[in-house]
Each structure stands twice: as C-alpha cells, then as structure tokens.
Amino acid sequence: MCLAVPVCVTEVLENDAAKVRVGEGETFLTVSTMLLEKAPKVGDYMIVHAGFALRVLEEKEADEALNLLKEVAQTGQVVEF
C-alpha cells in the first residue's frame, strides 16, 4: 500500500522542485512540483506521493490529514476504506 503525505514547503528550488518538511518533525525531502498547475510558495501545504507533489492543500486540510496519520500510527489500527 502506498500513502500520500501532507508536507509544508520550506524552500522553492529550481527545475520544478521544492524542499519540504514532513509534519512537525525533522524530516525534510526534495520533491518534484512539475505536476502542479502553478509553482508553490514557501509555507504552502501539498500532498506528496512517490516524490511528486500532487496538489496544494489548505493548512486545515493538511493538519487534519497529519492528525489522522498520527492517530493510526499510535493505535496501530489498520483502516479499511
């Protein structure tokens, strides 16, 4: 199973890329933004899968998704859709 993760843009790089922070931790990734309609700005939230930003999120939506992921990780429960 693959999972798309909400991230926050910390730096916009050249060549359709951005440095992003995962959650509140110290995990930073460089991701491609080539699939987005317009370039993200520092502080934007995006959903990322397999190294590609898929779309920009509202901060509230990103927070909700991160909280759900934390809850699942803490309980160890498998969620079925």
* Given H placed 1.01 Å from N in the peptide plane, which residues other than close sequence neighbours of Leu54 have an amide H under 5 Å from its amide H? -> Ile47, Val48, His49
* Structure fact -> Nearest-0.05 FRET efficiency for Ala17 and Thr75 at R0 = 35 Å, using Cβ-Cβ distance, is 0.50
* To the nearest 500 deg cm²/dmol, what mean residue ellipticity at 222 nm is calculated for the chain from DSSP H runs of n ≥ 4 alone, each contributing -39,500 (n - 2.57), summed and divided by the residues? -> -7000 deg cm²/dmol
* Structure fact -> the chain: relative contact order from alpha carbon pairs under 8 Å, six or more residues apart, as a whole percent, is 26
* Asked: Under a 5 Å amide H to amide H cut-off, with H placed in plane at 1.01 Å, what residues pair with Leu36 once short-range neighbours are removed?
  -> none
* Asked: Roughly what would the spin-label model give for Glu37 and Phe52, points 7 Å off Cα along C-beta, in nm?
  -> 1.8
* Structure fact -> Diffing region 21-36: the Karplus 3J(HN,Hα) column from phi (6.51, -1.76, 1.60, θ = phi - 60°), in whole Hz with x for Gly and Pro, holds 10, 8, x, 9, x, 9, 8, 10, 10, 9, 10, 7, 10, 5, 8, 7
* To do: Name the most mobile residue of Glu14, Glu24, Glu59, meaning the one with the largest mean-square fluctuation, in a Gaussian network model of the chain with Cα contacts below 10 Å.
  => Glu14
* Asked: Based on the Cβ-Cβ distance of Thr10 and Lys60, what FRET efficiency does E = 1/(1 + (r/R0)^6) give at R0 = 30 Å, to the nearest 0.05?
  -> 0.95
* Could you do me a favour and compute the accessible area per residue for the chain, 1.4 Å probe, result in Å²? => 74
* Hey, what angle do you get for helix 59-75 against the long axis of the chain, alpha-carbon based, 0 to 90 degrees rounded to 10? -> 40
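The values are calculated or read from the model by the stated rules, or taken from the named source; none is laboratory data. These figures come from a predicted structure and were not determined experimentally. Here Cβ is always computed from backbone atoms with ideal geometry, including for glycine, and neighbour counts include all displayed protein chains. Ligands, DNA and RNA are stripped out before the accessible areas are found, and what is left, the full protein with its side chains, is counted by its heavy atoms. Shrake-Rupley method; radii C 1.70, N 1.55, O 1.52, S 1.80 Å.
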